[in-house]
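Colleague: Can you read through this structure? Questions will come right after.
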Amino acid sequence: MKPLHTFALANLALVACTGGDPAITEPLVVSGPTVVADHLVWVDHTTARVVWVDVDTAVQAAALEREEVTSAVFGPDRVVALTGGARPAAVSVRIPGGEVEAVELFAKFDRAFVAPSGRYVVALHDARLARSTPLVAVNHNEIAVIDLVDRTATRVALDTESTSPRNVIFSSDETRAAVVLDAAVVVVELGGEGIVRVPLKLPNGDRLTPEQVVFAPDSEYLFLRTSGTPDVVALELLGQGAAATGILNFLAVPGAQRLLDLAVDEDDPDHVLAVFRGDEIPTIAARLAADGDVSRTRTVELAGQASRLELLDNRTVLLHGSPDTIGSAGNAFVGGWDLEDDLVEQDNLAGPTMGPAAVGGTSAFFVHSAESGNATALTALALRRDALRLNVALRPVVLGGIVRDYAFSSNDERVVLGVDIVREDSGAAPLPSRPYGEPNDTTGAIAVVDAETLGIETVVLDDSIQHVGVIGDRIYATHGGAFGDVTFVPLASIDRASARRVDGVLLTGLFDRIAGGER
Amino acid sequence: MSALGLFLLVSTSSAGLASTSSTSVEVTPRPLSERVRADAAPASSTPTLAFDRRPEDAGAAWGVYTRVASQIPRGDSNIGTVSSVGALVGFEVGAEYAPWSPVDGLSFELGASAGLQTRRILQTADAKLGVMALQASAVYRRPIWSFFGAYARATGAVNWGHFSVAESQGDYEIDDVAVAFSAAGALGAELLVPVGYTAIESLERADQWISFHLEVGYAVYTPFDFDEMRRDLPNDSEPQRIATSTVDAGSLRLDGVLWRMGAAFRF
């Protein structure tokens with residue numbers, strides 16, 4: 001028996017060599033997929049890798065070469081991951097080249113926010129996140145401003161009474177970033193030293209909790225929707241560097257009871273658009289002067305309850321009551337407001353909406369639950385303006401199946417929907433382990449609806465769909481596999497013969513993580 | 001060692017001859033490959049040392065073997081992705097041919113092996129690696145004592161590896177098959193127990209043996225390139241499946257120390 005013991009011990013001794021591999025010991029944690037530079041990108045936190053696939057289904061992977069990924073954000077041409085461990089860093093991976101660059105950080109951070117250009121990243125601590133490692137002393141009023149071009153990380157002390165950073169908003173010219181805390185906003189100059197700290201406390205001591213923050217297109221104003229007031233809080237930003245300061249204005253609308261949504265007009269940086277619930281009027285839409293000049297305030301009153309506003313390409317405002325998430329019930333009211341002539345048009349959809357509106361160009365699509373359990377009703381809305389009036393055109397469409405996700409293809413004003421349908425006789429391939437007719441045996445289909453003609457093209461896929469989107473001239477649909485299963489379909493040829501699928505994207509390079517020296 | 005040789009001699013005699021107990025036999029230590037016939041006169045030749053093989057021991061022999069083997073790859077091989085014991089454990093069966101002597105000199109083996117390892121990865125899926133191989137070996141044996149010998153083995157093999165990942169929640173797996181070639185060298189020791197004899201004049205010469213052996217060595221492999229991982233579904237379904245692309249899971253190298261232990265029957 002002695003050789004047997006020796007044999008077993010020799011084998012078992014190697015367990016220690018592999019036991020520390022996170023691929024074995026840790027659960028799979030993934031960020032994404034998100035479209036970056038016309039690629040679909042995942043960040044695998046567990047194995048510290050970035051994996052991306054192009055529309056031709058070619059998959060690549062790059063190792064972050066660091067451990068303990070705490071957060072990942074997706075820029076226009078790169079992915080940035082915050083890592084912890086002994087040497088905290090912000091590691092960026094360019095897509096599709098795969099070049100990896102790291103900027104050392106002075107502390108481990110929990111969350112990151114990336115500027116639209118991808119140059120700046122703001123990292124902050126988040127006390128709400130569960131930690132895998134014991135918490136050491138952390139100053140929640142400390143953030144890092146990371147410049148990925150100059151490869152620098154600057155420590156910025158927020159010095160507020162708040163302890164919970166919630167969000168970071170970047171101005172469109174990327175000269176400023178607003179760090180949103182639970183009862184304060186701090187505006188930080190990117191690439192400069194100016195800091196404007198704005199405690200959001202009323203004279204009676206009540207706190208205003210920011211719920212929505214938007215920069216004016218010229219970055220001179222910051223507009224806030226807060227929980228404690230129906231007014232739009234406008235922060236005018238003055239000066240730069242050490243002389244930076246701000247002036248706070250409360251932009252009020254008579255009769256407003258609650259502020260529901262904010263938006264800015266790229267062509268009109270001196271105003272902010274807002275929608276309110278009124279005391280007696282269901283909805284008030286307002287165009288408010290940022291500097292508080294009430295003489296330039298314009299309001300319109302709407303008969304239905306709208307909670308969201310969207311600025312369309314023809315400078316008309318779409319007001320609607322759709323919820324923020326798919327599956328939530330919203331309001332059936334829709335309205336249009338022409339900003340040039342204050343023309344207003346109102347209507348009601350066929351039923352309550354069941355998800356956010358898909359908006360693009362001058363059109364929008366609303367999803368309702370259909371009367372039949374296996375169908376979904378859509379309403380295509382077009383806001384057209386003729387010489388005399390604004391016209392809200394509503395056209396219903398009914399799709400077989402249950403809509404799981406949808407996205408607007410801005411290129412050609414088409415909405416792409418991922419729908420669950422019954423697999424049997426659908427045209428989908430059967431699953432060997434799940435014969436036709438089994439309960440809940442569904443598959444996915446993509447439906448593409450043209451906003452103008454309402455022409456519908458569909459293609460049945462081989463599995464249910466989780467998310468759909470558009471990358472260039474292709475539709476992508478992700479399926480339920482934990483390792484990333486995707487089907488691509490050309491917008492120009494929506495059929496099964498043109499579709500291409502790849503499964504297990506996150507398995508790419510699984511064996512090379514150690515052998516290839518990536519870790 | 002002589003005492004053990006004596007024990008084996010007596011015990012095997014009692015099994016083979018029922019009348020041994022009533023026969024006077026001069027018990028003399030001899031190589032296991034021969035023994036005195038119970039009904040014959042005592043051998044007159046000089047006692048033979050174990051390593052002192054006589055020409056009549058020579059002769060071709062065949063054999064079959066079965067072994068358990070373990071490939072213990074280097075720490076950077078990523079074998080842990082598929083093996084909870086850090087090794088690939090398998091079984092081997094095959095045949096051997098010794099052209100000159102079953103216990104001494106060169107012999108050749110041809111056989112097959114199969115091993116399977118599974119491991120849960122990312123708390124999400126089961127990774128499974130199966131390796132089957134056709135292997136050929138050349139073995140050179142030298143007896144040390146009558147029942148004990150040492151040998152050196154050189155092995156070449158062609159290996160088929162099947163790697164699959166099956167998600168817990170899903171109803172399919174993603175897999176690929178890769179081929180790798182390997183070469184290995186090993187040193188081992190074997191315990192030979194004669195179990196069959198042929199009568200030659202006054203002696204019975206052993207012509208059947210059971211070998212128990214243990215060896216250790218090192219193997220080098222070309223990498224298993226699992227570069228065409230795809231969902232394991234039939235291509236001939238109706239309607240046909242949407243065309244799928246593959247993903248490259250990378251290369252798995254099994255270079256490292258190996259162990260084998262097993263038994264062989266030679267005749």
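Colleague: Tell me, which strands (runs of 3 or more DSSP E) wholly within the range A:339-428 include 3 or more residues that are at pLDDT 85 or above and out of contact with any Ser or Thr (no Cβ under 6 Å at 6 or more places or on another chain)?
Modeller: Hits in the range A:339-428: A:343-348, A:363-369, A:375-385, A:390-400, A:402-409, A:414-422.
Colleague: Taking into account only those residues within the range B:71-126 that are among the acidic types (Asp, Glu) and more than 19 Å from B:Thr155 (Cα to Cα), which is farthest from the other protein chains (Cβ to nearest Cβ)?
Modeller: Selected residue: B:Asp126.
Colleague: Can you tell me which residue among B:Arg153, B:Arg141 is buried (at least 21 other Cβ atoms within 10 Å of the Cβ), more than 14 Å from chain A (Cβ to nearest Cβ) and of a type in the set (Lys, Arg)?
Modeller: When all the criteria are applied, what remains is B:Arg141.
Colleague: Further question: Kindly indicate whether any position in the range A:441-462 is facing another protein chain (nearest Cβ under 7 Å), surrounded by fewer than 21 Cβ atoms within 10 Å (Cβ to Cβ), more than 29 Å from A:Ala380 (Cα to Cα) and touching a residue at least 12 places away in the same chain (Cβ under 8 Å).
Modeller: No, the conditions are met nowhere in the range A:441-462.
Colleague: Here is a further query. Considering the range A:226-248 alone, what residues qualify as being touching a residue at least 40 places away in the same chain (Cβ under 8 Å) and outside any loop (DSSP other than H, G, I, E, B)?
Modeller: Across the range A:226-248, the qualifying residues are A:Val232, A:Ala234, A:Leu235, A:Glu236, A:Leu237, A:Gly241, A:Ala242, A:Ala243, A:Thr245, A:Gly246, A:Leu248.
Colleague: Take the range A:283-297 and flag every residue that is in contact (Cβ under 8 Å) with a residue 24 or more places away in the chain, surrounded by fewer than 24 Cβ atoms within 10 Å (Cβ to Cβ) and outside any strand (DSSP E or B).
Modeller: A:Asp291, A:Gly292, A:Arg296, A:Thr297
Colleague: Here is a further query. Based on what the data block shows, is A:Arg385 touching a strand residue (DSSP E or B) at 6+ places or on another chain (Cβ under 8 Å) and either farther than 30 Å from A:Ile456 by Cβ or without any contact (Cβ under 8 Å) to a residue 60 or more places away in the chain (or both)?
Modeller: Considered against the rule, which asks whether it is touching a strand residue (DSSP E or B) at 6+ places or on another chain (Cβ under 8 Å) and either farther than 30 Å from A:Ile456 by Cβ or without any contact (Cβ under 8 Å) to a residue 60 or more places away in the chain (or both), A:Arg385 comes out as no.
Colleague: Any residue at all in the range A:298-308 that's at pLDDT 90 or above, acidic (Asp, Glu) and over 21 Å from A:Glu211 (Cα atoms)?
Modeller: yes
Colleague: On to the next question. Please work out if B:Tyr197 is of a type outside the set (Lys, Arg), closer than 30 Å to B:Thr81 by Cβ and either modelled with pLDDT under 95 or surrounded by fewer than 18 Cβ atoms within 10 Å (Cβ to Cβ) (or both).
Modeller: So B:Tyr197 fails the test.
Colleague: Looking at A:Arg315, is it on the phi < 0 side of the Ramachandran plot and surrounded by fewer than 22 Cβ atoms within 10 Å (Cβ to Cβ)?
Modeller: For A:Arg315, the condition - on the phi < 0 side of the Ramachandran plot and surrounded by fewer than 22 Cβ atoms within 10 Å (Cβ to Cβ) - is not met.
Colleague: Would you point out the residue of the range A:470-515, among those that are facing chain B (nearest Cβ under 7 Å) and acidic (Asp, Glu), that is surrounded by the most Cβ atoms within 10 Å (Cβ to Cβ)?
Modeller: A:Asp503
Colleague: Report yes if B:Ser164 is assigned to a strand (DSSP E or B), within 16 Å of B:Ala249 (Cα to Cα) and either of a type in the set (S, T, N, Q) or more than 14 Å from every other protein chain (Cβ to nearest Cβ) (or both), otherwise no.
Modeller: Yes; evaluated as a whole, the condition is true for this residue.
Colleague: I'd like the full set of residues that are surrounded by 19 or more Cβ atoms within 10 Å (Cβ to Cβ) and under 25 Å from the mean Cα position of the chain (by Cα), limited to the range A:61-73.
Modeller: A:Ala61, A:Ala62, A:Ala63, A:Leu64, A:Val69, A:Thr70, A:Ser71, A:Ala72, A:Val73
Colleague: Out of all the residues in the range B:89-104, which are of a type outside the set (Val, Ile, Thr) and at pLDDT 90 or above?
Modeller: If the condition is that a residue be of a type outside the set (Val, Ile, Thr) and at pLDDT 90 or above, then B:Gly90, B:Phe91, B:Glu92, B:Gly94, B:Ala95, B:Glu96, B:Tyr97, B:Ala98, B:Pro99 are the ones that fit.
The values are calculated or read from the model by the stated rules, or taken from the named source; none is laboratory data. Just so we're clear, the structure is a prediction, and the values are computed from it rather than from any experiment. Quick reminder, even Gly has a Cβ in these numbers, built from the backbone with ideal geometry, and neighbours come from all protein chains shown.
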